[in-house]
Amino acid sequence: MVSGNVVALEKGRPLSESVLVPSDGSALSMAAALKAVEYARRMKARIVAFHAIPAYQYPVYVEGMPFEYPSEADYETQCRAIAARYLGVIAAAAAAQGVPVGTRIEFNSAPAQAIVDAARREGCSLIFMGSHGRSGLSRVFLGSIALKTLTLAHIPVLVDRPTPEEISRAEELMGQSAVEP
């Protein structure tokens, strides 16, 4: 039975078939991603690990040329390699738990919009992401990708605020994989 945007749950059907798991490469987002893997395992869902990279900024030369400014091709190559390492940690954790996983890397300077667009393109029924849990002026000045994602998304967004212990565990896992948080 379907009424408007409310969908009745069917017995035996997973609540989430595909879960988008955005990561910015921080230990906090990695801790949330590890929880997302556990969630996907329990729900028998697949995950799509996602990383948005800011688009290349062409240098503005005021007085002379800056030293060692990468070309656009070098920037994209380096960023893709770094993002692949971050997403590789998530993919390995998913594989270890038997969770089907895909990875996606996108160049987009608006990360919240990139997350929502990727979820739509990948047919995800849930976005599972971490948040620093900032409030007050720090949220106003620093912004919140999680809050922006919540306002843009037309699918459920599960926002996790990992504990210090979970973040430490994620840092340890990243260190074992030679990935710098």
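Arranged by the count of other C-beta atoms within 10 angstrom, fewest first, what order do H132, H51, H154 take?
Numbers: H132 16, H51 27, H154 9.
Fewest-to-most Cβ neighbours within 10 Å comes out as H154, H132, H51.
At a 10 Å Cβ-Cβ cut-off, how would you order E165, E180, fewest neighbours first?
Details: E165 9, E180 12.
Sorted ascending by nearby Cβ count, the order is E165, E180.
How do Y69, Y86, Y39, Y75 line up, fewest other C-beta atoms within 10 Å first?
Values: Y69 12, Y86 25, Y39 20, Y75 17.
By the 10 Å Cβ count, ascending, the order reads Y69, Y75, Y39, Y86.
Label-to-label distance, E122 versus E165, with points set 7 angstrom from Cα along the beta-carbon direction: 2.9 nm. Inter-label distance, F107 to L158: 3.3 nm, where each label sits 7 Å from its Cα along the C-beta direction. Taking 0.36 nm per residue of sequence separation and subtracting the Cα-Cα distance, how much length would be gained by fully extending the chain between E17 and R80, in nm to one decimal? Answer, rounded to one decimal: 20.0 nm. When Lys and Arg each count +1 and Asp and Glu each count -1, what net charge do the other residues less than 10 Å away from K35, Cβ to Cβ, add up to? Here the charged neighbours net out to -3.
Read the figures in this text as sums done on the coordinates, not as results from a lab. If you're wondering where the values come from, they're calculated on a predicted model, not measured in any experiment. Here the Cβ is made from the backbone with ideal geometry for all residues, glycine too, and neighbour counts use every protein chain on show.
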